[in-house]
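Report on the structure given below.
The values are calculated or read from the model by the stated rules, or taken from the named source; none is laboratory data. As the structure is a prediction and not an experimental result, all values here were calculated from the model. Positions of Cβ are generated from backbone atoms using ideal geometry, with glycine treated the same way; all protein chains shown enter the neighbour counts.
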Amino acid sequence: MQRQRHVAILGAGPVGLDAALACAGAGWPFTVYEAADTVAAHVRAWGHVRLFTPWDLNVSRRMRTHLPHAPAGDDCPTGAELAARLLGPVAELAAMEGRIRLRTRVAAVARTGLLKHEQIGTDARAATPFTLLLDTPDGEETAEADLVLDCTGAYAVPNTLGAGGIPAPGERALDHRITRTLPPVHAPDRWAGTVLLVGAGKSAQTAARDLAVLPGTRVEWIVRSPAPDWGAVPDDTLPGRRQLVETSQAFTEGAGDRVTVHTGAHVQALSPDGDRVRANLATPGGPVEVVCDHIVALTGYVGDASLYRQLQVHECYATAAPMNLSAALLGSAGGDCLTQPAVGISALRNPEPHFFILGAKSYGRLNTFLLRTGYEQVDQVIGAYAPAVSV
Ligand SMILES: Cc1cc2nc3c(=O)[nH]c(=O)nc-3n(C[C@H](O)[C@H](O)[C@H](O)COP(=O)(O)OP(=O)(O)OC[C@H]3O[C@@H](n4cnc5c(N)ncnc54)[C@H](O)[C@@H]3O)c2cc1C
């Protein structure tokens, strides 16, 4: 970096906070914009869930340098513990003072005065600063930046539950009845009755496991695959992940009496049925009707692309991740997220110079993102702009 550029970091999740530490280390002016009234808002939202990865994988090198007494070792924290014992303290470091703007949502980003299709690939475009439109408690504002790191995650943008990924008929009208985040089960009565659970990833598996132990709850679990492997990894070195897969397999084989797994099935339609909801299912054995008290849809999340609509971001048509990164990840697809290769800076670059999508959002529809990967992405960006700074 020839001159000091102002860096805008969008989102104060683990990756945004690590990027902030990197900017501080490089001596760059930076501002972190966080939509919520606290840092790590998404992590806190699934705070009751225990991570599969241990502290040693969840604390970045930069965090460890600043917080030498941060937890270490093989224990896996819950999201709440990660926020309380690591991410909160990172945000309180002296290097962060006055740098984090809470309750400030970045609504849109543009090149100042340039539309998406203008100055394609020119030096003039690269030299034009970014304008950010901010929603703040005092109204709208704008801010400028020279380098933008979009670390806004994906947890706030859930997928719908119908076949083919579009809303099932009736789903939109019943949106207020559908929980699309991991259900906290510390208030068991909240989930009394029948829960229709949709999805097969680790979040849905976690919900099935947690709901199944509630005495007043039955789970009707809708899974698209006729023979789900539950993402099993041979000789899995992460015990929490292995146990979760084993539990899901046991449910499929009929273990316990509180969970019925409908494999090869999808929701065809939802409709109100008094205080309850009627779900029409298509299953290999024919149509099935389930009347339920709650719907939990955990069919994945994909970050908000509207934020950079005016920028020259090349998204992959299949994964919605930035194209170069998606190509690198699909090229090495399959297997364990622990063994994915680190990609170089060229995979993180967009046609839009100085704009990077990092963290969980950068994986689009791919579900193998790990915190460790996000921290490596920060290394790549800092290394590209300030090779002399040790990361
Ligand atoms: C239930 C669950 C369990 C997981 N377990 C693991 C695990 O065991 N190990 C692992 O390595 N990874 C795990 N992950 C994956 C991943 O590491 C996490 O999703 C992690 O939180 C991603 O960090 P992030 O910083 O990219 O984004 P997030 O944590 O999602 O943070 C994004 C931040 O941006 C803010 N924001 C959003 N939009 C805006 C906006 N427009 N303007 C300003 N701020 C905005 C949000 O409020 C949030 O604070 C898990 C994910 C989930 C959902």
Working only within segment 86-100, note down all residues that are surrounded by fewer than 16 Cβ atoms within 10 Å (Cβ to Cβ) and either among the basic types (Lys, Arg) or assigned to a loop (DSSP other than H, G, I, E, B) (or both). Glu92, Glu97, Gly98
Out of segment 226-241, which residues are within 22 Å of Leu370 (Cα to Cα) and either modelled with pLDDT of 95 or more or in a loop (DSSP other than H, G, I, E, B) (or both)? Asp229, Trp230, Gly231, Ala232, Val233, Pro234, Asp235, Asp236, Thr237, Leu238
Among the residues of segment 160-197 satisfying the criterion of being polar (S, T, N, Q) and within 16 Å of the ligand (Cβ to nearest atom), which is farthest from Ile295 (Cα to Cα)? Thr181
Test result for Gly199, in contact with a Gly (Cβ under 8 Å, 6 or more places away or on another chain), assigned by TED's automatic domain parsing to the domain that holds Val288 and on the phi > 0 side of the Ramachandran plot: yes
Quick one: is Thr38 part of a loop (DSSP other than H, G, I, E, B) and within 18 Å of Thr373 (Cβ to Cβ)? no
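Conditions tested, residue by residue: (1) within 8 Å of the ligand (Cβ to nearest atom); (2) in contact (Cβ under 8 Å) with a residue 12 or more places away in the chain; (3) of a type in the set (A, V, I, L, M).
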{"residue": "Leu10", "(1), (2), (3)": "yes, yes, yes"}
{"residue": "Leu17", "(1), (2), (3)": "yes, yes, yes"}
{"residue": "Thr31", "(1), (2), (3)": "no, yes, no"}
{"residue": "His42", "(1), (2), (3)": "yes, yes, no"}
{"residue": "Gly47", "(1), (2), (3)": "no, yes, no"}
{"residue": "Leu51", "(1), (2), (3)": "yes, yes, yes"}
{"residue": "Pro54", "(1), (2), (3)": "no, yes, no"}
{"residue": "Leu57", "(1), (2), (3)": "yes, yes, yes"}
Segment 59-83, subset among the hydrophobic types (A, V, I, L, M, F, W, C) and surrounded by 16 or more Cβ atoms within 10 Å (Cβ to Cβ), residue farthest from the ligand (Cβ to nearest atom): Leu67
Which ones in segment 54-89 are farther than 16 Å from Gly240 by Cβ and charged (D, E, K, R)? Arg61, Arg62, Arg64, Arg85
